[in-house]
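Accompanying notes for the structure given below.
The values are calculated or read from the model by the stated rules, or taken from the named source; none is laboratory data. Note that the coordinates shown come from a computational prediction; the quantities given were computed from them, not determined experimentally. We place every Cβ from the backbone using ideal geometry, glycine too, and count neighbours over all the protein chains shown.
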Amino acid sequence: MNVRKLARTLPLIALAIYFLFLAASPALAQSDTKPAQPAADETNLDTQLYLIVGSNQESETSPLPAVLGPVVKHLHETLSFKSYRLAATLINRVKNEGRLSLRWVGGPLALGTVSTTPSFGEFKVDSVKLVTDNNGRIAVRMQNFSFGGRIPIQTSSAVAANPPAAPVFNYESTGLNTDISMREGEPVVVGTLNIGPSGDAIILVVSAKRTPQ
């Protein structure tokens, strides 16, 4: 009797094991599947750094870019300089959450400096990142914004047998470090830096916006 009963039970056990295997197969297949990787962020941003020189000396003024209109209006309301001129515009592209670093040689920044005496500049940002502000609008955050410059300052005139005597220049360093955030596409004043005994100053203005796809 036991042998006959066992013979009838074995097919049922085998059938049960088969159905258990079928039920487990989808779970095994799912565990072998790797989770989908998020798409890489390929967003780029165009950054603009404007170097504006404010001066109390009388000089010929040239029109500033229209995009700087609100900034210049604010400068006239808050600072006492007689004139403003655009000394340099630096345009660069950086990937979202990327870093930016550049150095350059430019013309003299202080008025009255001979055109053959260059100035040296350096601009670095550790991270340029798109964020959302408290009002739900897109903003741009710049982590460790750093600007440095070496400005030629005339200290004396060299002794010469026949006039005119050649001017003597020493290079003075100036710079600024900060963290800032701004609305996308709107220029903001980062800071002002004195550039010599004349009272002239460099006014740093920066903006950034997403590059059109």
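The single condition among (1) out of contact with any Asp or Glu (no Cβ under 8 Å at 6 or more places or on another chain); (2) at pLDDT 95 or above; (3) surrounded by fewer than 21 Cβ atoms within 10 Å (Cβ to Cβ) that Val125 does not meet is (3).
Consider Glu42 carefully, then state whether it is over 22 Å from Trp104 (Cβ atoms), without any contact (Cβ under 8 Å) to a residue 40 or more places away in the chain, in a loop (DSSP other than H, G, I, E, B) and of a type in the set (D, E, K, R). The answer is no for Glu42.
Would you pick out the residues in region 163-213 that are part of a loop (DSSP other than H, G, I, E, B), within 22 Å of the chain's Cα centre (by Cα) and within 26 Å of Ser55 (Cβ to Cβ)? Those that are part of a loop (DSSP other than H, G, I, E, B), within 22 Å of the chain's Cα centre (by Cα) and within 26 Å of Ser55 (Cβ to Cβ): Glu186, Pro187.
Listed conditions (1) at pLDDT 65 or above; (2) more than 26 Å from the chain's Cα centre (by Cα) are all met by Lys34, apart from (1). As a summary of the residue check, Gln57 satisfies the conditions (1) modelled with pLDDT of 75 or more; (2) under 29 Å from the mean Cα position of the chain (by Cα); (3) in a loop (DSSP other than H, G, I, E, B); (4) not charged (D, E, K, R) except for the one numbered (2). Out of region 102-111, which residues are in contact with an Asp or Glu (Cβ under 9 Å, 6 or more places away or on another chain) and modelled with pLDDT under 85? Of everything in region 102-111, those that are in contact with an Asp or Glu (Cβ under 9 Å, 6 or more places away or on another chain) and modelled with pLDDT under 85 turn out to be Leu109, Ala110, Leu111.
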